[in-house]
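Colleague: Please see the structure below; I have some questions.
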Amino acid sequence: MNRYLSFRRMGHLLVKDLSEGYRGILVVVGALTGIFLLNYLLNGLSGSQNSLVRPNGVVGFASSNSVLHMTYFALTLFIGGFIITSRAFLELHTTNRSHDWLMLPASPIEKYLSRLVLTSAGVAVGMVVYFALFSLFGSALMLLLIHRAYVLFNPFDGAVWLLVLNYVVLQSIFFAGAVYFKKLHFIKTVLVLAGFGLLLVLVTGGLAVRLFWGELLVLNAHGAIG
């Protein structure tokens, strides 16, 4: 058996992490469901164009998702996923828990890869499945309560998986922040990204002025003459 990478050991790690964190996941899912149901109900009462019930009472299923579906999905995937990723190594930075995590019978590569799989593919696929199930539940509930229902969320929409791909790429930055920073992982990672963006704008602007300042003066002079 490979001492550095064993999919069997990684499987045990994944099961362990899920068994220890499922309560927190259920709390978050319950809170999100309550918020979304309330908002969907208010939109349904206001006669939102996103709601649709066919004459035979069957809830519609569109090939592309509504703006409402995509907005909630994107916000939950990116903000929720980044926060989950930022908390991936809390025990590593906690004095009374770091020893237990380091002494787990698995290599460092397996420990990091298992958390990477959970916070990237695990979170992304989990969000898609959650929204598909919520769409069925929410539409059925509103159909019973107010006789209106939303077009069902389409998990096979290409735009959904484009968002998932973007999330998997961007969450790697927050994964690195979770490893590097000892506290306030999410906030510090956001601040680093903001600082890098500001520096990039300043450098790009400075180079543009240095390279094209003469041309700008000529254009300005011609404009003034005209």
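Colleague: Of all residues in region 137-149, count the ones that are exposed (fewer than 14 other Cβ atoms within 10 Å of the Cβ) and either touching a Phe, Trp or Tyr at 6+ places or on another chain (Cβ under 8 Å) or under 18 Å from L32 (Cα atoms) (or both).
Modeller: Here the count works out to 2.
Colleague: Given the criterion modelled with pLDDT under 85 and either surrounded by fewer than 12 Cβ atoms within 10 Å (Cβ to Cβ) or not aromatic (F, W, Y) (or both), identify the matching residue among L152, L77.
Modeller: After ruling out the rest, the residue left standing is L152.
Colleague: For F131, are the conditions met, namely being open to solvent by 30 Å² or more (accessible area, probe 1.4 Å), modelled with pLDDT of 85 or more and within 23 Å of the chain's Cα centre (by Cα)? Spell out the reasoning first.
Modeller: Numbers: open to solvent by 30 Å² or more (accessible area, probe 1.4 Å): no; modelled with pLDDT of 85 or more: yes; within 23 Å of the chain's Cα centre (by Cα): yes.
In short, no.
Colleague: Only one of these conditions is not met by V169: (1) modelled with pLDDT of 90 or more; (2) surrounded by 14 or more Cβ atoms within 10 Å (Cβ to Cβ). Which number is it?
Modeller: Against the list (1) modelled with pLDDT of 90 or more; (2) surrounded by 14 or more Cβ atoms within 10 Å (Cβ to Cβ), V169 comes up short only on (2).
The values are calculated or read from the model by the stated rules, or taken from the named source; none is laboratory data. Quick caveat, the model's predicted, so the values are computed rather than measured. Glycine gets a Cβ as well: all are built from the backbone with ideal geometry, and neighbour counts include every protein chain shown. To get the accessible areas, we keep the full protein, side chains included, count just its heavy atoms, and leave off ligands, DNA and RNA. Shrake-Rupley method; radii C 1.70, N 1.55, O 1.52, S 1.80 Å.
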